Amino acid sequence: QQKVQQSPESLTVSEGAMASLNCTFSDGTSNNFRWYRQHSAKGLEVLVSIFSDGEKEEGRFTAHLNRANLHVSLHIREPQPSDSAVYLCAVSPPSYGSSGNKLIFGIGTLLSVKP
Amino acid sequence: GGIITQTPKFLIGQEGQKLTLKCQQNFNHDTMYWYRQDSGKGLRLIYYSITENDLQKGDLSEGYDASREKKSSFSLTVTSAQKNEMAVFLCASSMWDNYAEQFFGPGTRLTVL
């Protein structure tokens with residue numbers, strides 16, 4: 001069973017400073033990684049999806065995947081107070097038969113961006 | 001674009017009560033999901049459905065039933081609510097594809113007295 005862990009549990013950065021979040025997983029055969037953001041009492045918003053080793057940029061959000069090291073990270077360039085939220089890492093293991101597009105989530109990192 | 005609607009937004013029940021949560025999507029997506037979110041435990045998959053009338057158990061299906069009445073709707077029933085239970089239930093949908101994005105609804109917050 002795929003296990004997903006995120007660090008740190010919480011992170012405070014100043015507006016404009018780079019924010020870096022980490023996610024480790026247990027099954028290196030996974031091929032589908034996503035970062036979501038969840039503002040308080042709201043649904044999840046997908047930020048970046050990455051399917052192969054390397055880097056994927058979506059606006060101010062960049063994901064780095066290294067499956068050999070079982071690690072995927074999210075870097076937020078020039079964070080703003082409106083980026084304060086919980087950030088969730090999700091991993092979808094390879095699909096077999098009707099197992100579907102299942103996601104295994106980490107617990108999340110609470111990011112606070114101070115003006 | 002599309003939207004996922006979950007009803008009700010807040011649900012308060014009594015211990016032992018059967019409670020039903022509803023989800024509607026207008027993306028015309030094939031697959032729908034129910035997740036439970038607890039503080040400190042992340043999201044866990046309860047049930048998912050690949051197409052109308054299909055049901056697949058997730059990791060947390062015990063204590064729940066689900067129903068995919070039509071392509072656009074997916075219901076979840078808590079068969080016997082547990083006292084002091086508090087959680088947020090999130091519905092999601094996606095195309096039937098390993099790489100398809102899952103889009104999430106705003107959630108239903110459950111409190112059991």
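Looking at A:LEU88, is it within 11 Å of another protein chain (Cβ to nearest Cβ), touching a Gly at 6+ places or on another chain (Cβ under 9 Å), crowded, with 17+ Cβ neighbours inside 10 Å and among the aliphatic types (A, V, I, L, M)? For A:LEU88, the condition - within 11 Å of another protein chain (Cβ to nearest Cβ), touching a Gly at 6+ places or on another chain (Cβ under 9 Å), crowded, with 17+ Cβ neighbours inside 10 Å and among the aliphatic types (A, V, I, L, M) - is met. Looking across the range B:71-85 at every residue that is more than 15 Å from the chain's Cα centre (by Cα) and not small (Gly, Ala, Ser), the one that is farthest from A:VAL48 (Cα to Cα) is identified as B:LYS83. Taking the conditions (1) touching a Phe, Trp or Tyr at 6+ places or on another chain (Cβ under 8 Å); (2) crowded, with 21+ Cβ neighbours inside 10 Å in turn, A:ALA19 satisfies each one other than (1). For B:GLU52, the conditions (1) at pLDDT below 95; (2) over 19 Å from A:PHE105 (Cβ atoms); (3) within 12 Å of chain A (Cβ to nearest Cβ) are fulfilled apart from (3). Filtering the range B:90-113 to residues that are among the hydrophobic types (A, V, I, L, M, F, W, C) and within 11 Å of chain A (Cβ to nearest Cβ) leaves B:LEU90, B:CYS91, B:ALA92, B:MET95, B:TRP96, B:ALA100, B:PHE103, B:PHE104. Taken over the range B:53-81, the criterion of being in contact (Cβ under 8 Å) with a residue 60 or more places away in the chain, buried (at least 17 other Cβ atoms within 10 Å of the Cβ) and not β-branched (Val, Ile, Thr) is satisfied by B:ALA81 alone. Candidates B:ILE12, B:ILE4, B:ILE46, B:ILE50: the one that is in contact (Cβ under 8 Å) with a residue 60 or more places away in the chain, under 30 Å from A:GLN5 (Cα atoms) and hydrophobic (A, V, I, L, M, F, W, C) is B:ILE4. With respect to the stated conditions, B:TYR99 is closer than 24 Å to A:ALA90 by Cβ, among the aromatic types (Phe, Trp, Tyr) and in a loop (DSSP other than H, G, I, E, B).
The values are calculated or read from the model by the stated rules, or taken from the named source; none is laboratory data. Quantities reported herein were computed from a predicted structural model and do not represent experimental measurements. Here the Cβ is made from the backbone with ideal geometry for all residues, glycine too, and neighbour counts use every protein chain on show.
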